1. Of the residues Phe113, Phe107, which is in contact with a strand residue (DSSP E or B) (Cβ under 8 Å, 6 or more places away or on another chain) and in contact (Cβ under 8 Å) with a residue 24 or more places away in the chain?
2. Suppose we filter the range 100-110 for residues that are at pLDDT 95 or above and either charged (D, E, K, R) or assigned to a loop (DSSP other than H, G, I, E, B) (or both); how many remain?
3. Being more than 18 Å from Pro67 (Cβ to Cβ), over 14 Å from the mean Cα position of the chain (by Cα) and touching a residue at least 24 places away in the same chain (Cβ under 8 Å) is the filter here; which residues of the range 116-149 pass it?
4. Asn52 is checked against (1) surrounded by 15 or more Cβ atoms within 10 Å (Cβ to Cβ); (2) in contact (Cβ under 8 Å) with a residue 40 or more places away in the chain; (3) polar (S, T, N, Q) and fails just one. What number does that condition carry?
5. Where residues in the range 52-105 are of a type in the set (A, V, I, L, M) and in contact with a Leu (Cβ under 7 Å, 6 or more places away or on another chain), which of them is farthest from Lys157 (Cα to Cα)?
6. So Val155 fits all but one of (1) modelled with pLDDT of 95 or more; (2) crowded, with 20+ Cβ neighbours inside 10 Å; (3) part of a strand (DSSP E or B); what number is the exception?
7. I need the full set of residues from the range 22-49 which are part of a helix (DSSP H, G or I), out of contact with any Lys or Arg (no Cβ under 8 Å at 6 or more places or on another chain) and either touching a residue at least 40 places away in the same chain (Cβ under 8 Å) or among the hydrophobic types (A, V, I, L, M, F, W, C) (or both), in order please.
8. Can you name every residue in the range 88-140 that is of a type in the set (Asp, Glu) and farther than 30 Å from Arg44 by Cα?
Amino acid sequence: MAQRKSAKATADKDVLEDGSLGFTDEERAAMREHAREVRIARRRSPKDAEANGEADVISAIAVMPEPDRIMAGKVHALIREHAASLVPRTWYGMPAYSKDGDVMCFFQGAYKFKARYATLGFSDKADLDDGKMWPVAYALKELNPSDEKTIVALVKKALG
């Protein structure tokens, strides 16, 4: 007879009943953060969304370790300067920028999921289409002026 594991033992080991791996602590934290963001967004008026979203993004960037904080700050400044129509907000606790309520692009710090690089990503709402295959996420280790120009061009293209 197979022995059953308690729910706590299963959760502690990140293993589901079928033996597959579950979500990491970081993934569960990101999902909780996203649920919190959704609840907050429902209470905000559209008029308040941009002002509060800006404050949320600034707060999210402020708590990032370096070099993520520096890169996220640069990405934020570039997007606000060159794509002012995008509304800042957080998405899974990370800075993101939306159009008509849909996330267009986002910054994900390397620390978020213990990755070796930060990511600038674009959703399927971004107009980056180029043939049958194109990149929608970019690894960032540091940013130089050339990289910043590339980011501005990508964001402008994403807007259509």
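The values are calculated or read from the model by the stated rules, or taken from the named source; none is laboratory data. Keep in mind that what you see is a predicted model, and the values were worked out from it rather than measured. Methodologically, a virtual Cβ is constructed for each residue, glycine included, from the backbone with ideal geometry; neighbour enumeration extends over all protein chains shown.
1. When all the criteria are applied, what remains is Phe107.
2. The total comes to 1.
3. Lys125, Ala126, Asp127, Leu128 - these are the residues of the range 116-149 that are more than 18 Å from Pro67 (Cβ to Cβ), over 14 Å from the mean Cα position of the chain (by Cα) and touching a residue at least 24 places away in the same chain (Cβ under 8 Å).
4. Asn52 satisfies all of (1) surrounded by 15 or more Cβ atoms within 10 Å (Cβ to Cβ); (2) in contact (Cβ under 8 Å) with a residue 40 or more places away in the chain; (3) polar (S, T, N, Q) except (2).
5. Of all residues in the range 52-105, those of a type in the set (A, V, I, L, M) come to 55, 57-58, 60-64, 70-72, 75, 77-79, 83-84, 86-87, 94, 96, 103-104.
Applying the additional criterion that residues be in contact with a Leu (Cβ under 7 Å, 6 or more places away or on another chain) yields 71, 75, 79, 83, 104.
On the way: Met71: 21, Val75: 16, Ile79: 12, Ala83: 10, Met104: 11 Å.
Per the stated criteria, the residue is Met71.
6. Single failed check for Val155: (3).
7. Taking the range 22-49 first, the residues part of a helix (DSSP H, G or I) are 25-43, 46-49.
Filter once more, so that each one left must be out of contact with any Lys or Arg (no Cβ under 8 Å at 6 or more places or on another chain): 25, 27-29, 31-36, 38-40, 42-43, 46-48.
Answer for the range 22-49, where residues must be part of a helix (DSSP H, G or I), out of contact with any Lys or Arg (no Cβ under 8 Å at 6 or more places or on another chain) and either touching a residue at least 40 places away in the same chain (Cβ under 8 Å) or among the hydrophobic types (A, V, I, L, M, F, W, C) (or both): Glu27, Ala29, Met31, Glu33, His34, Ala35, Val38, Ile40.
8. Asp129, Asp130
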